[in-house]
Amino acid sequence: RQAVKTMVAGISHDFRTPLTAASGYVQMTLQDPSLSEKNSAYLEKAMAKTTYLKELSDEFFALSLVEGKTEELSKLSLKRMLEEVTLAQYEWIEEAAIEFHADITEDDCELSAVEVDVLRLLENLYSNAKKYARGRISIRLAKAEENGIELVFSNDGELLSEMDVNSIFQPFYRSASGDQPGSGLGLYVVKRIVEKYNGKICASINENSDFEIRIVFY
């Protein structure tokens with residue numbers, strides 16, 4: 001099993017370099033003023049497929065790291081990491097005119113974990129919200145019962161069915177609309193990271209009819 005994980009990690013890593021190069025070449029070609037409208041449309045489609053493959057290889061690589069050998073754990077401030085990742089989202093939130101609300105505790109919310117895992121978890125949660133939010137995103141970080149830590153992400157968007165909510169953490173699962181880009185692995189990676197650190201994760205539709213992901217670490 002470990003050999004398969006190592007192989008997947010290697011393949012995913014090797015995929016990323018040529019895909020990044022291919023994406024760069026397509027972008028440069030699209031800037032050619034002599035390009036016909038028809039060929040431009042073809043290249044736009046090629047660009048979309050290349051972007052999808054790169055995202056897929058990135059998620060496979062992240063998953064291989066999560067499932068692989070556990071590195072030495074460090075005491076991390078989830079509050080600090082959440083604030084830093086949140087600040088990095090400012091530009092697209094502003095451009096999309098998203099109503100953003102953050103309720104972050106003053107407590108450090110220390111978590112024993114590998115930093116790259118926590119970073120991937122937070123980035124994937126924001127990536128999911130970015131794809132589906134239409135008008136608002138809310139995040140909350142607070143202390144939970146039994147010295148736990150509660151992290152909640154919610155956003156408006158398409159109305160999900162009960163089947164979507166129950167299946168959202170399955171690998172490659174896409175909502176019925178199927179009109180959003182992505183690998184279908186982002187939330188699965190989030191779930192595996194949470195489980196790696198003995199946390200619990202669930203999805204629901206909250207009282208505002210927003211899609212909500214709730215994570216608790218103990």
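The values are calculated or read from the model by the stated rules, or taken from the named source; none is laboratory data. Treat the numbers as computed from the prediction; the structure is a model and nothing was measured. Here Cβ is always computed from backbone atoms with ideal geometry, including for glycine, and neighbour counts include all displayed protein chains. Accessible surface areas use protein heavy atoms only, side chains included; no ligands, DNA or RNA. Shrake-Rupley method; radii C 1.70, N 1.55, O 1.52, S 1.80 Å.
Tabulated results
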| item | result |
| --- | --- |
| Residue selected from the stretch 37-54 under the condition within 12 Å of Leu19 (Cα to Cα) and basic (Lys, Arg), by the criterion most open to solvent (accessible area, probe 1.4 Å) | Lys49 |
| Ile205 vs. criteria touching a Phe, Trp or Tyr at 6+ places or on another chain (Cβ under 6 Å), within 24 Å of Phe100 (Cβ to Cβ) and modelled with pLDDT of 80 or more | no |
| Which listed residue, of Ser138, Ser154, is open to solvent by less than 20 Å² (accessible area, probe 1.4 Å), over 23 Å from Asp58 (Cβ atoms), in contact with an Asp or Glu (Cβ under 9 Å, 6 or more places away or on another chain) and hydroxyl-bearing (Ser, Thr, Tyr) | Ser154 |
| Yes/no for Leu56 being part of a helix (DSSP H, G or I) and free of Cβ contacts under 8 Å to residues at least 40 places away in the same chain | no |
| Residue list for the stretch 114-135, restricted to those being free of Cβ contacts under 8 Å to residues at least 40 places away in the same chain and open to solvent by less than 60 Å² (accessible area, probe 1.4 Å) | Ala129, Ala133, Gly135 |
| Candidate set: the stretch 89-110, residues that are surrounded by 12 or more Cβ atoms within 10 Å (Cβ to Cβ) and small (Gly, Ala, Ser); chosen: the one farthest from Lys130 (Cα to Cα) | Ala102 |
| The stretch 63-76 - residue that is over 16 Å from the mean Cα position of the chain (by Cα) and open to solvent by less than 20 Å² (accessible area, probe 1.4 Å) and, of those, nearest to Lys196 (Cα to Cα) | Gly68 |
| Filter result (open to solvent by less than 70 Å² (accessible area, probe 1.4 Å) and among the aliphatic types (A, V, I, L, M)) within the stretch 77-88 | Leu78, Met81, Leu82, Val85 |
| Evaluation of Ile149 against (1) in a strand (DSSP E or B); (2) closer than 19 Å to Leu87 by Cβ; (3) in contact with a Lys or Arg (Cβ under 8 Å, 6 or more places away or on another chain) (one fails), failing number | (2) |
| Flag for Asn198 being more than 17 Å from the chain's Cα centre (by Cα) and open to solvent by 10 Å² or more (accessible area, probe 1.4 Å) | yes |
| So Lys143, is it open to solvent by 30 Å² or more (accessible area, probe 1.4 Å) and either in contact with a helix residue (DSSP H, G or I) (Cβ under 9 Å, 6 or more places away or on another chain) or among the acidic types (Asp, Glu) (or both) | no |
| The stretch 155-189, residues that are β-branched (Val, Ile, Thr), modelled with pLDDT of 90 or more and not in a loop (DSSP other than H, G, I, E, B) | Val189 |
